[in-house]
Amino acid sequence: MTDRVKVIEQAEKFVRAGRVREAIAEYEKLAQSDSADVGTLNIIGDLYIRVGQNEPAIRAFERVAAEYERRGLFSQALAICKKINKLSPEDTDSSLKLADLYAQQGFLAESKGVYAAVAGRLASASRTAEAVAIFEKIVKLDREDHDARQALARLYRDSGNLDAAIGQLDDSAAVHIEKGEFDAAAAILQDALLLRPGDGRSVVSLVEVYKRQGQPAKSVELLERELAAVPDNIQLLNILGNLYFEAGETQKAEEIFTRIVTGHPLNVNARIKLGRIQILKDKLDQAYELFEPLINNLVKKHRDEKAIGLLGLILESQKPHLPALERLALIYRSNKEVKKLEVVDRAILDELRRLGEKERLVGIYAELLELRPDDAELAAEARGLRQDLNLPVEAVAEEAPQLSDRDREAIREIMGQADLYLQQGLVRIARRLLENLRFRYPEDPQIVRKIAVLDEVRTHMDEDEIRRRIEKTTVLEAEYKEKAAGKKAEDRKAAEPRAAGPAPAPPAPESATVTEPKAEPARRPSGQFKPEVLEGQKVSTADLFAETDIIPFADGSGERTYYDLRNVVEAELRWLAAVRTLQRGDGSAAPERELAGIVAEFRRDLRSRGAVSPPEMFYQLGLAFMSQGLIAEAIEELSEAARDKALAIDSLSLIAQCHRLKRNFEDATKCLQSALTEATQGTDQYYALLYELAEVHAAAGNQVQAAALFREIRDWNPSFRGVAGELENLEKSSTR
């Protein structure tokens, strides 16, 4: 310590005497003994400047800046880097270090200014790759920096990378479009099309600009010109068809969408638009044929709300359509939505009456009586119908036997299992279950009616199909029993506080009765749904048009085959017409409101925005679902957003977070690895993703992998997100 004081005193004497070089020699002695002595190193740098030796001064300042960064003192490091930059403004490395620190401290304008100056010098020196990397940094700092994007596009173009050049121009135009600067966007997009005529994204964006400017004719002219060169471009054909459709030129739109569907039967947008055109022309059978494969695929994926939305387009037309009503009934029946099923069954009942199809009425009456066993008028109509058809009529019991709660629960559970097999077309198994149930409860009317319905069912399946359906139903049955067991536990828990009070009323079987019976509304002739009754339960329609793996539809030459369950599946393929009959009068009954509300939001959505949802919408939906804890839905929406290059990294990062919430670390790892391949190595974004990946490994118990990644991040930036502390904690836990 005494030696150090003596050295400092001697150095100061040399400085006062103007003997700067001798002073530097003394201070160097101190720096050699303590390389982290930033104060001494700073003095040495200043003294070198006094004697006009900038190079050794810069080396001293660089050691100071590095030590400040190591300690996490970035503001001090920034101040030192400014001194270095003044001494050597043309030095690339020191300038980039200064720009990095500006950005890290949030001084974006200063950071961009330094980056741009360095990139300009590199470009002038034909160091294109380095200039490109710096301009890319600027664009990531500020996506609205159009000068940087233009410079990038020129560099990419000159190096022969047209894809990247056009991408930058398209991104620049997208920013202008977001801000309503349509003229600027149009000019940039025209430049992009000069680089590559017919570029899909540029054409689509320019069409959007023309539409926003109220110039649809220019959009049509542009698309027709581009399609002359690439007549089979499905994307451009869809856009042109949409333009014609929106302009009311349905004949031209129909020709285009028919052309698309003929060559590409899986194209969702073309199918839906062509179906809507058929609806406008009152060709409901053709519309249903177009929608049916989409509906089948949506139901297969358990997206019933979207399937209902498509059926709603048909059911809002001027005329009732029995196949659509029956398909809607099948969805509600499968989901045990008994109130909605009753509404639809009554609609089918009225339509079948109008058509005079008495035989098909039997199954509908049977199901309605299961839903409303207390409806005396309905029961009388059903008896009269069976008498007209010379079918056996059940005797009316004077008084139904009283069942215990346990008996009711047993009936409901077994009938639910029978329904599962019935939905898969396994009628014999369903009947065997019901026969065993009737043996235990021979007087229960709902069991008798269900078996009577099965007597008229015919199915045809080979052995492999039966085996496949049994396997599927076994899984469904296990899920059903698990849910039923959970509900019993909840019921018991809810009943505990009321143990001293009166016993609660026994729950009504789902397939037997509706909790609050309503009087049947007066019959009305069939008609269109009225706007004033389109209220009630809403149906989400987000990403309806994002489906891609649709089952191709059968052509009209073959025989249409439905789920062959005759009365039950005819009762499963009959649905909304009766409510139409209820809607021709002056008022609107409650069943009308329930049924009409099903399609209300869907119609409004289609009228308020175009059919194809932008990637940003999928991204926002994903965020919204995450905030509500709807993880599966969030993953689905974000996966769609990830298809867009601009949103891919952010979307994959969020999907990884979703998987982490589900403790699905394997899929979280895959998502982050995919995101890393999209990110530029060495950037803040890259290391942020690496940090997330390290956290996933740590959560999954892969401490070795996590520690390796944390070390890599620490070597890059020791203060990044407190990585040093994370690594220390991880290493401590591994030694315990």
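Quickly run through region 309-321 and pick out the residues that are surrounded by 23 or more Cβ atoms within 10 Å (Cβ to Cβ) and in a helix (DSSP H, G or I).
Passing the criteria: 309, 310, 311, 312, 314, 315.
Suppose we filter 386, 360, 333, 327 for residues that are closer than 20 Å to residue 282 by Cβ, out of contact with any strand residue (DSSP E or B) (no Cβ under 8 Å at 6 or more places or on another chain) and in the same structural domain as residue 448 (by TED's automatic domain parsing); which single one remains?
Answer to the check: 327.
Select from region 182-239 the residues that are modelled with pLDDT under 90, exposed (fewer than 15 other Cβ atoms within 10 Å of the Cβ) and of a type in the set (Asp, Glu) and write down the one among them that is farthest from residue 272 (Cα to Cα).
221
Looking only at helices (runs of 4 or more DSSP H) that fall completely inside region 639-736, which ones have 1 or more residues that are out of contact with any Phe, Trp or Tyr (no Cβ under 7 Å at 6 or more places or on another chain), of a type in the set (Gly, Ala, Ser) and crowded, with 21+ Cβ neighbours inside 10 Å?
The qualifying helices (runs of 4 or more DSSP H) are 645-661, 665-678, 703-716.
Among the helices (runs of 4 or more DSSP H) contained in region 135-223, which hold 3 or more residues that are aliphatic (A, V, I, L, M) and closer than 30 Å to residue 101 by Cβ?
The qualifying helices (runs of 4 or more DSSP H) are 146-158.
Testing residue 242 on (1) under 26 Å from residue 174 (Cβ atoms); (2) surrounded by fewer than 16 Cβ atoms within 10 Å (Cβ to Cβ), one condition comes back false. Which one is that?
Of everything listed in (1) under 26 Å from residue 174 (Cβ atoms); (2) surrounded by fewer than 16 Cβ atoms within 10 Å (Cβ to Cβ), residue 242 misses just condition (2).
Please identify the pairs in which a residue from region 205-218 that is more than 20 Å from residue 168 (Cα to Cα) has its Cβ atom under 7 Å from the Cβ atom of a residue that is exposed (fewer than 15 other Cβ atoms within 10 Å of the Cβ), counting only partners at least 6 apart or on another chain.
So the pair list comes out as 216/247.
The values are calculated or read from the model by the stated rules, or taken from the named source; none is laboratory data. These numbers were taken from a predicted model, which means no experiment stands behind them. Positions of Cβ are backbone-derived with ideal geometry, glycine not excepted, and every protein chain shown enters the neighbour counts.
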